[in-house]
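A quick write-up on the structure given underneath.
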Amino acid sequence: MFKETFAPTLRYATLRVIIALGALAGAEIHQLDVKAAFLNGVLPSAVYIEQPLSHIKGDATRKVLRLKKALYGLVEAPRLWYETLSKAMASEGFKRATEDPCLYYRWKGDDLTLVGVFVDDFLMFSTNKKQLEETKKALAKKFKTKDMGLARWVLEMRIQQTPEYKILDQSQYAKEVLKKYEDDIKKAGVHKRIPRTPLLRGQTFVKNTGQASESEISKYRSAVGSLAHLAIGSNPVMTYAMSALSRHLSNPSEEHWEGAMQAMRFLRACSVPRGCRHNSEI
């Protein structure tokens, strides 16, 4: 019945671009939340569901309900919400960026308005404050929204804004990760000096000739996944290390685990939480 179910989301790289452009423009970046976003999706064809036990009308064995809008739990719901949103944005004069289908932009004269969408979270700024408020009001007429004001947190990342600069960092998430693996970091037989890089200089990894247990694989994947989230989000300096460690997710060895703990020690050694800082001047 539904040929397309894939729904894109805002890329981390695009998020950083929004922060950087907002800083260069000297504009405030605001956040907007759409309540029950998936319920706004318009169904292209008839969908029927069994009557819920709390709402039985007539003979439940013979009568079903026809959905008027998409419902959470439908595999196509994210796609329908994305299509509904795209039409709404187009009606307000916004165009989709070719590099990221979840980035919308609009030029009015010399004024630029950017809107990035991560499912139901909107990050937006405009070089004209009046147009920013007009965009918020236009979206509020089409969906139930909550104006979060100045953006401070998105995807477990903190956004610090001043007229001179903007910083995107994951210090709180990093602290939670380090606390989770605190004992493992101490036990790992890695280099004891304070690390200056996520991996030791010249360090390479070879394929495990043995077989890791399911618990070891799960633990390794969890650790590398946590580090990868930091690398992709706001710590590009860790990208190479995560690339090297991620090649052994299916069968990690003790060497690979110690490599992950080396990256954890590097993260812990950063007395000032690393992040992406964007100044208002190049």
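Quick rundown of the values:
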{"read-out": "Length released on extending from Gln51 to Ala90, taking residue separation times 0.36 nm less the Cα-Cα span", "value": "10.4 nm"}
{"read-out": "Sites Lys187 and Glu156, calculated FRET efficiency, Cβ-Cβ separation with R0 25 Å, nearest 0.05", "value": "0.40"}
{"read-out": "Three semi-axes of the equivalent ellipsoid, the chain, Cα gyration tensor, whole Å, largest first", "value": "40, 30, 15"}
{"read-out": "Whole-Hz ³J(HN,Hα) from phi, Karplus 6.51 cos²θ - 1.76 cosθ + 1.60, for region 224-239, glycine and proline x", "value": "5, x, 5, 5, 5, 4, 5, 5, 6, x, 8, 10, x, 5, 9, 4"}
{"read-out": "Full-extension gain in nm, Glu99 to Asn128, via 0.36 nm per residue minus C-alpha separation", "value": "8.0 nm"}
{"read-out": "Label zone at Cys270, where the point sits 7 Å out along the Cα-to-Cβ direction: region 117-158 residues whose backbone N lies under 17 Å", "value": "154-158"}
{"read-out": "Compactness of region 171-274 - radius of gyration and Dmax, Cα, Å", "value": "12.7, 39"}
{"read-out": "FRET efficiency for Glu216 and Tyr240, using Cβ-Cβ distance with R0 set to 30 Å, rounded to 0.05", "value": "0.80"}
{"read-out": "Cβ-based net charge around Pro78, under 11 Å, with every Lys or Arg adding one and every Asp or Glu removing one", "value": "-3"}
{"read-out": "Sorted largest first, extent of region 35-92 alpha carbons per principal axis (Å)", "value": "45, 22, 19"}
{"read-out": "Summed side-chain charge close to Lys142 - residues other than Lys142 whose Cβ falls under 12 Å, Lys, Arg +1, Asp, Glu -1", "value": "+4"}
{"read-out": "Between region 146-223 and region 102-126, the alpha-carbon center distance in angstrom", "value": "30"}
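Computed from the coordinates by the stated procedures, all read-outs in this text should not be read as laboratory data. These figures come from a predicted structure and were not determined experimentally. Every residue, glycine among them, receives a Cβ derived from its backbone with ideal geometry; neighbour counts consider all protein chains shown.
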